[in-house]
Every structure is written in structure tokens, then in C-alpha cells.
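The values are calculated or read from the model by the stated rules, or taken from the named source; none is laboratory data. Just so it is clear, the structure is predicted and the values come from calculations on it, not from any experiment. Neighbour counts run over all protein chains shown; Cβ positions are idealised from the backbone, glycine included. The accessibility values were calculated without ligands, DNA or RNA, using every heavy atom of the protein model including side chains. Shrake-Rupley method; radii C 1.70, N 1.55, O 1.52, S 1.80 Å.
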Amino acid sequence: MFETFHPLLVQNTPFLFFTGKGGVGKTSTASATAVALADSGKRVLIVSTDPASNLQDVFGMELSNAPQPVQGVANLFACNLDPEAAALSYRESVIGPYRDKLPEVLVQQMEEQLSGACTVEIAAFDEFTNLLANESFTKDFDHILFDTAPTGHTLRLLNLPTAWSGFLDDSTHGASCLGPLAGLDAKRELYAKTVDALANPDQTTLILVARPDEASFREANRASSELMHIGIRNQLLLVNGVYDSALKGDAVSEAFYSKQQQAIASMPTELADIPTYSLPFVPYSLTGMASLRQLFAPQRAMGQEEVPRTPIDALSSIQDLVDDYASNGTRVLMTMGKGGVGKTSTASLLAVGLVEKGLKVHLTTTDPAAHLMDRFQNSGHQGLTISRIDPVEQVELYKAEVMNNAGELDEEARAYLEEDLRSPCTEEIAVFRAFADLVARADDEIVIIDTAPTGHTLLLLDAAQSYHKEMSRATGEVPESVRSLLPRLRNPKETAVILVTLPEATPVFEAARLQEDLKRAGIMPRTWIINQSLYGTATKEPILLEKARTEQPWIQKVSRELAETTALIPWQAVDSIGYDQIKQTISQ
């Protein structure tokens, strides 16, 4: 299969960047690598720039933005650069001078423009650039490891000369990253040097971390392509959590192994050109020095005695949720969460369940990777209609509108605007009009939306309604469907927002951040669905059984601290395909 990864494979460059989608194990693999390099005699600093980082939990110590020694490991230091705090400070540095000079409503709009993912990314880049430029830090370390690398979009944006020009100061064309880049001219040279260091194969190794599943491989392939495009070519792929063999006779174990093998066999062909290594699936939590050192040692022997699982609070099922939504008059359901947690399959289960209650349902998705028609194999029900908002199509229409309304621009200004329109913010705004039109259908049927806009986007468009700024920048008007959308989404009697997560640290933390984001927009998620839980299966295979026990704290955290209602969906080997199979899954 793949050669087993060992930290000595990446000891030739001083800077190591770990990147990958949420929940793949970036923090744990970066931490274990840092410990192994320090144990080999290297002087090592590990830095997290991930808003959901649990680096301090991994090492069992409080961390700040100042490097400090890690107890129990000579030569190892750690710090946690909080990009959310950096973004807050950055927002204030930009907005502060205007607080007493502009109307309050305009200041509020500026604050919201600087509340999105782009601002956090730029702030995080600024933080680790300041660290890399500080020779008092870098000269003292053989290796600096970064948990979470900047995206290709951020690095391309910082490479564009126009991003630093006066075009930003007087642009009226609505560039979605306008706010985050304001006032950065003083650091142009510093940022350019940092980007050059990232592209230097003698200085930087980029480690793409993935799980052996299709969604994770797709994200690794996308990130690899984006970063290759801007010159970061010294990459390797680390497939984390490979389940080596199955226990015969244990249906869950056999299916778990088979599912991984199928995903590995269908990896994107572009990844074949990248050196690829693997790490084994381990059931224990990668916290504390013993576990971190164990990751690169032979897998520990499992105990033969069966330890009973701790009982957890009573949880709902999908059928319970269906019964509730059918009886209380809910008209709009939105499934939300990070990629790979199962939003589409969850939305499909709810749709079929409600149709079986005799209700008319329209199911739609804004997820470019979701293929609802394939999922139902044209074997639907007369009470169910299905559609898809094509983000690519909507983005191209939106880009054309913005570029057309921008008027005459010089080559650099046009390059900046084109790059800016590749940002995640652009896609959210572009699909929003189609999304609003679909929600308007809830007058006549239940509408279920797989992957809804974030709270940040909702607030930006709320500002547009008041100040005719954001949405009208391309079309000159705000559609009535948009104007009436937020009141409907904020009404809990009409709309239910459902957060989907996995029973693991990173997906739970990310869903919790999304929940806070939605609260800012006046939308209160009340239901969480914990998907693909081994705790909910009957496996007896020792490794999977121990993994099921490690899920318990996260299930408890969701049910006791984060959600009013928590539902659990057991791990399934494959997604339910076809109306009848989906219906059968609901009743299990």
C-alpha cells in the first residue's frame, strides 16, 4: 500500500506546514511529528494557527502566542496563535479611526465585512509572518511546524500587486476581500518574502493530511493543485488512520476496512505524482506524550478484557426528528456543517421521512459535491421534488455581473478583482439569490436545504437590505425574495437549522463556531445530529470498540452543552441510495 510515515522523512527543511480539511488529524500528526523530531535531538517549535485548535489539549498545558517549553520533551516549544483574536485586533485597527467619523450603521457594516473567513485567514497569515520574520525565534530552532497552512486563495491574493494599490481605497465594485486587505501596504515586502519562503523547496515542506475517504482525498487534491499553481511544489500526502485488517465475522469491521480500501483505490489520479505515506488507524486519543510517541511505534497491543461503554444521555433518532417536524409545522429545514460530515445524506433522510408522513417536500443542495439525483436513482416519490443550485453556474453569472459593472480597469486592477472573486465569500453570495427563491417555495411545501449560507453571509446581506450596498453592487437592486428571507429564517416556528457533526474534536469545535456565527445573524440552531458514530454500532472488534468509547465525551459535550436536541446516526458502511433504501435506514 503506502510506506509508513516517519518524521525523519521531513527533516530536510526547517518549515513544515500541515494542511487538510477539518477532522483529518492535522493537529495530532503535527504534534506527534514535533515530539519525534525533538526526541531525535532537534530543537523544535510547533505553532497552531487553527481557530479550532486543540493543541493545548494535546500537550496538556495552557498555551499563548509566546513560545513556551513543553513539559516532558526536551527541545520542544509550542505556541497557539489565535487567528480569531488576531482578526478582532485587526478589525479594530481598521475600523477604529472611523468610529466617531461615520454613521453607526456604516461602522456596523464595516465590522461585518471584516467578520468573515477571509479576514481570519489574512490575520492568521499576518501572525505567522510576524513569527517567521522574527529572527530571534527562527535562529533558535531547527524546525518550525505549522498546524494549518494558508490556502492557495490567500497566497495568490497576497501575490497580486493590485492588492496593495490605491484601487482598494476607492473601489466601489464590492470586492469581497476588500476589508481584510485594507491597510496592509506597509507589510507588502514582508509578505512577499514569506510567500517566497513557502515556495522554496529547501525551506518548506507542505504535508497534505487526509483520511482514507473520498471527500478527504478530494479536498487534498484541490489544496495540492491550488498550492502547486503558486509554486509550492515540495508536497507529500499523509493518509492518516488506515485500518489495516478486518475481524472476520464482525460486519462493522469488515465494512469499515472495505470502505477505506475502495476510497484508496479511487484516489484522484493527480495525487499519484505526490510522495504518499500512511499512518495506522488508532483507537486511542492522541493526547499526552505517551500516545504521541506511540503513533510512530508499533501499534500497541489491545487488552483482551471488554470494558463496558459508559452510558450516555438519551438521544433522539432521525425518526424522532421527522415526527417532531411533521407535527409542529416547520416549513424550512437547513442542514449545516463542515465538509464530509454527512449533510447531504442527513437531508435526504429527513426528506424521505417527511414524505412518508404524507407531506409535500422539496429537497435541494448548494453543495458542489452532492449529487441528489444520483442518490435517489430516479426512484423518488410523487411527494418529493429535487433540485440543485449549481455553485459554478451561479458564480460565473455573478462574476460576469461584477466585472461588467466594474467598468474600465487597468490590467492589475482587473487581475485583483478576478482573484478576489475566487474567494469563498463570492460563492456564498452568488448562490444566495437562488437560495432565497427556493426558500420562498415554503409557502406551498416543506423546503429542505443541504448546505445553507453561513451567518456571516446572512449578515452581509442583511446589511445590504438596509444600506443597498453589498447585494446591489452587481445588480443595482435587492430582490424581494432576499428582503423577506431573513425574517423567515429567524422565525423558529417556520425554520429549523440542523448542525451535522462527527463525534470527534475538530468537527464538534467547528460546528460550535458555526452555531455562534448563526446566532450573530439572529438564527438559533436547536438540533445537532451526530453522524457516523461507532458508539451506535454493535461492533466487537477491539480497536473499533475502543474507538467507540473515545466518542463518548464528544457525544456528551454536544448533548449537554451545545444542543437542545441531539440525534445519533450509527456508522454505516455506505450511504443509503434510492428512495426505498433511505426509507429503510430511517426505521433502523
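Things worth noting here:
- Hz values of 3J(HN,Hα) by residue in the range 502-513 - Karplus curve (6.51, -1.76, 1.60), Gly and Pro given as x: 10, x, 9, 4, 5, x, 5, 4, 5, 5, 5, 5
- Karplus-based coupling profile of the range 256-269, in residue order and whole Hz: 4, 5, 5, 5, 5, 4, 5, 5, 5, 5, 10, 4, x, 5, with θ = phi - 60° in 6.51 cos²θ - 1.76 cosθ + 1.60 and x standing for Gly or Pro.
- Accessible surface of V395 - all protein chains present, 1.4 Å probe, nearest 10 Å²: 20 Å²
- Theoretical gain in end-to-end length, D575 to I230 [0.36 nm per residue, Cα-Cα removed]: 120.6 nm
- Virtual spin-label span in nm between K360 and K139, 7 Å along Cα→Cβ: 7.5 nm
- Counting only heavy atoms of the protein chains and using a 1.4 Å probe, S345 has close to 20 Å² of accessible surface.
- In this structure, the amide hydrogen of I386, modeled 1.01 Å from its nitrogen in the peptide plane, lies closer than 5 angstrom to those of L363, counting only residues at least 5 positions away or on a different chain.
- Reachable lysines from K583, criterion Cα separation under 19 angstrom, eight or more residues apart if same chain: K343, K357, K360
- List T550, T4, ordered by accessible area with a 1.4 Å probe, largest first: T4, T550
- Computed over the range 1-99, the range of Cα coordinates on each principal axis works out to 56, 33, 25 Å, biggest value leading.
- Amide hydrogen proximity for S533: with H placed 1.01 Å from N in the peptide plane, the residues at 5 or more positions away or on another chain lying under 5 Å are I569, W571.
- Under 21 Å of direct C-alpha separation, and excluding same-chain neighbours fewer than eight residues apart, K399 reaches these lysines: K469.
- Quotient of C-alpha Rg and 2.2 N^0.38 Å, computed over the range 220-270: 1.56
- Residue order by solvent-accessible surface for L409, L238 is L409, L238, largest first, with ligands and nucleic acids left out and a 1.4 Å probe.
- Once the Cβ-Cβ distance of K519 and S327 is raised to the sixth power relative to R0 = 30 Å, the FRET efficiency obtained is 0.70.
- Relative packing of 135-141, 192-198, which averages over residues the other C-beta atoms within 10 Å, highest first: 192-198, 135-141
- For the cross-link pairs K21/K193; K42/K338; K493/K557; K248/K547, the ones whose C-alpha atoms lie over 30 Å apart are K42/K338.
- The heavy atoms of W571 offer some 40 square angstrom of accessible surface to a 1.4 angstrom probe.
- Here D390 and S258 are evaluated by their C-beta separation; at R0 = 35 Å the FRET efficiency comes out at 0.60.
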